[in-house]
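The values are calculated or read from the model by the stated rules, or taken from the named source; none is laboratory data. All of these numbers come straight from a predicted model, not from anything done at the bench. Cβ atoms come from the backbone with ideal geometry, glycine included; neighbour counts cover every protein chain shown.
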Amino acid sequence: MVIRLDPPVVLDHTYTGHIGVTVKGAIWSAIEIPGSARLFGGLRATRIDLLIDDVLIEDLGLMPTGSGELMISVSAALRRKLDKDLGSTVRVTLLRRLT
């Protein structure tokens, strides 16, 4: 059972990353969150609100990379909305932690 934080925890953490994370030898359409294990206190399932290049994404579930960090999955539809592709640089702002 996932417990919602009430109220959500304000994060206000901005960084520059790129779309493309190596997972089990393959490149995934995702953005790694550097220092995420420390930022979120571990690698448990975590849901957040965030901005990627000023596009708001709400209630997104983060996934472990397998190398000790968490990552943001970036769907083909979101890449089109951002006008970005694998390897593109993006600005990420983590807004709120929901779980």
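Scanning the range 31-59 for residues that are touching a strand residue (DSSP E or B) at 6+ places or on another chain (Cβ under 6 Å), without any contact (Cβ under 8 Å) to a residue 60 or more places away in the chain and surrounded by 16 or more Cβ atoms within 10 Å (Cβ to Cβ) yields Glu32, Ser36, Leu43, Arg47, Ile48, Asp49, Leu50, Ile52, Ile57.
Is it true that Ser67 is surrounded by fewer than 12 Cβ atoms within 10 Å (Cβ to Cβ) and modelled with pLDDT under 95? For Ser67, the condition - surrounded by fewer than 12 Cβ atoms within 10 Å (Cβ to Cβ) and modelled with pLDDT under 95 - is met.
Filter the range 1-56 down to the residues that are under 11 Å from the mean Cα position of the chain (by Cα) and among the charged types (D, E, K, R) and list them by number. Residues satisfying the conditions are Glu32, Arg47, Asp49.
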